[in-house]
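The values are calculated or read from the model by the stated rules, or taken from the named source; none is laboratory data. Keep in mind it's a predicted model, so treat the numbers as computed, not measured. Using ideal geometry, Cβ is built from the backbone for each residue, glycine included, and neighbour counts are taken over all protein chains shown.
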Ligand code: B16
Ligand code: MG
């Protein structure tokens, strides 16, 4: 029986990937190397600290722990400038409608995101009051594919894992859902999100009724 839907934020509710990309590219360029949109795919669902490590490896750029901390903070400042421009129009197709349908049917909702900027983004797009629980990068210690973020969300909702469905756009996120013992709807391409129970291009392409029978 379906009791709760847990949504990843970036790539499921809102498309922030382009802003992450611009800020990381600006950092890479400031260090003297380039960072392509294709390479940016590797950062989806990955924490800020781990993203920086990946970028520094791409540029073959060594940095001390202190330097890395400053770089991550600089990237986040640039990222915050970019997401400061976001409005409710940046909500991905079908996302708000799907969350509202959950409410009508008595299905609980939560956000399960790696982002430490979750609350800022949700208030920018006007969805900060729409979820029963918000578990973000400030509340977890282990990154996806560890199931911690989704298990904590289920706990806050007081629902068992087997009654939850996760919505994820990243491979690591789908794995985290599997590791949590939850069903998972992939948002993206079936060839990429092979471990999901179903894959759709956006929340506009699936109904709550279909999710119940996954
Ligand atoms: P921040 P999600 C993830 O969010 C993003 O997909 C990933 O690209 C980003 O590096 C990570 O959040 C951390 O974000 O720098 O804002 O803390 O997909 O788990 O909602
Ligand atoms: Mg995501």
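Has region 43-54 got at least one residue that is touching a strand residue (DSSP E or B) at 6+ places or on another chain (Cβ under 9 Å), under 14 Å from residue 16 (Cα atoms), within 14 Å of ligand 2 (Cβ to nearest atom) and modelled with pLDDT under 95? Write out each step before concluding.
Filtering region 43-54 down to residues touching a strand residue (DSSP E or B) at 6+ places or on another chain (Cβ under 9 Å) leaves 44-45.
Subsequent filtering for residues that are under 14 Å from residue 16 (Cα atoms) retains 44-45.
Narrowing the set further to residues that are within 14 Å of ligand 2 (Cβ to nearest atom) leaves 44-45.
Still in the running and modelled with pLDDT under 95: 44-45.
Yes; the residues of region 43-54 include at least one that is touching a strand residue (DSSP E or B) at 6+ places or on another chain (Cβ under 9 Å), under 14 Å from residue 16 (Cα atoms), within 14 Å of ligand 2 (Cβ to nearest atom) and modelled with pLDDT under 95.
For region 1-10, which residues satisfy the criterion of being buried (at least 21 other Cβ atoms within 10 Å of the Cβ) and either more than 13 Å from ligand 2 (Cβ to nearest atom) or in a loop (DSSP other than H, G, I, E, B) (or both)?
4, 5, 8, 9
Select from region 17-36 the residues that are buried (at least 20 other Cβ atoms within 10 Å of the Cβ) and closer than 15 Å to residue 170 by Cβ and list them in ascending order.
Passing the criteria: only 20.
Under the condition of being farther than 11 Å from residue 121 by Cβ and touching a strand residue (DSSP E or B) at 6+ places or on another chain (Cβ under 8 Å), which residue from region 79-97 is surrounded by the fewest Cβ atoms within 10 Å (Cβ to Cβ)?
Within region 79-97, the match that is surrounded by the fewest Cβ atoms within 10 Å (Cβ to Cβ) is 92.
Search region 97-122 for residues that are within 20 Å of residue 81 (Cβ to Cβ) and pair each with any residue that is at pLDDT 95 or above and more than 16 Å from ligand 1 (Cβ to nearest atom) when their beta-carbon atoms are under 9 Å apart and the residues are at least 6 apart or on different chains.
Pairs found: 122/129.
Only one residue in 184, 164 is crowded, with 20+ Cβ neighbours inside 10 Å, within 15 Å of ligand 2 (Cβ to nearest atom) and either closer than 14 Å to residue 110 by Cβ or modelled with pLDDT of 95 or more (or both). Which one?
184
Of the numbered conditions (1) at pLDDT below 95; (2) part of a helix (DSSP H, G or I); (3) out of contact with any helix residue (DSSP H, G or I) (no Cβ under 6 Å at 6 or more places or on another chain), residue 57 satisfies every one except a single condition; which is it?
Of (1) at pLDDT below 95; (2) part of a helix (DSSP H, G or I); (3) out of contact with any helix residue (DSSP H, G or I) (no Cβ under 6 Å at 6 or more places or on another chain), only one is false for residue 57: (1).
Given (1) buried (at least 16 other Cβ atoms within 10 Å of the Cβ); (2) away from ligand 1 (no atom under 11 Å from the Cβ); (3) modelled with pLDDT of 95 or more, where does residue 39 come up short, assuming only one miss?
Residue 39 satisfies every listed condition except (3).
Just to be sure I understand, how many residues within region 89-115 are more than 14 Å from ligand 2 (Cβ to nearest atom) and over 19 Å from residue 155 (Cβ atoms)?
Total meeting the criteria: 15.
Being within 12 Å of ligand 1 (Cβ to nearest atom), at pLDDT 95 or above and surrounded by fewer than 21 Cβ atoms within 10 Å (Cβ to Cβ) narrows it down to one residue among 63, 73; which is it?
From the options 63, 73, the qualifying one is 73.
Mind checking which residues of region 85-96 are farther than 15 Å from residue 128 by Cα and touching a residue at least 24 places away in the same chain (Cβ under 8 Å)?
Answer for region 85-96, where residues must be farther than 15 Å from residue 128 by Cα and touching a residue at least 24 places away in the same chain (Cβ under 8 Å): 92, 93, 94.
Which members of region 16-43 meet the condition of being assigned to a helix (DSSP H, G or I) and more than 22 Å from the chain's Cα centre (by Cα)?
28, 29, 30
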